Amino acid sequence: MPPRRTTTKGFARTSSLLTAKIRSASESRGFAQSRLLTNWVEVAGPDAAAISRPVEVSYGRGGMGATLTLLTTGANAPVLEMQKEQLRARVNAVYGYNAIARIRVTQTAATGFAEGKVAFDHAPKKTPAPLDPAVRAKATETAAPIGDEGLRTALARLGENVLSKNQR
């Protein structure tokens with residue numbers, strides 16, 4: 001038996017297509033690892049992440065550690081100032097060494113600039129609209145002649161999706 005060829009016939013995963021672009025965008029802001037941007041809630045904790053976003057990592061001329069710039073609203077800046085050392089320790093844990101020597105807090109207005117937040121959160125899941133009983137009945141009736149129960153159920157669900165999409 002010949003060895004199985006694993007090929008995608010020209011198709012590639014989206015992550016492999018976007019990895020280089022994400023890396024170049026994050027490196028232009030000084031982030032060696034994009035994980036700090038994408039997983040900010042896990043890195044900083046939910047309380048600190050709710051009031052701040054990482055903006056930039058800048059390296060000084062002396063080369064003795066980098067400065068992480070965080071964006072927050074004016075009212076939350078004192079709270080973030082008190083948590084700087086804990087945040088620095090958590091960020092350095094992500095890098096695996098003392099990459100960040102200082103944290104600088106930048107304030108923005110409470111309104112404008114997307115309320116001082118950059119959206120790295122996942123999009124909220126949409127709840128599907130309730131299905132019309134007539135659509136469900138038509139899909140079940142169309143799939144009724146199928147002998148296999150699993151296949152009949154799958155085709156009925158597919159029919160519901162197709163018919164409900166056509167009604168929109």
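Points to keep in mind about this one:
- Rounded to the nearest whole Hz, the Karplus-based 3J(HN,Hα) values (6.51 cos²θ - 1.76 cosθ + 1.60, θ = phi - 60°) of segment 131-143 follow the sequence 7, 5, x, 5, 5, 4, 5, 5, 5, 5, 5, 5, 8, with x at glycine and proline.
- A straight chain from Q107 to M82 at 0.36 nm per residue would run longer than the Cα-Cα distance by 7.5 nm.
- Order of Y97, Y59 - criterion: other Cβ atoms within 10 Å of each residue's Cβ, fewest first: Y97, Y59
- Translational diffusion coefficient (Stokes-Einstein; Kirkwood radius from C-alpha pairs) of segment 63-107 at 25 °C, 0.890 mPa s, in µm²/s: 227 µm²/s
Every number here is computed from the coordinates shown, using simple stated rules; none is lab data. Bear in mind the structure is a predicted one, so any value in this text is a computation, not a measurement. We place every Cβ from the backbone using ideal geometry, glycine too, and count neighbours over all the protein chains shown.
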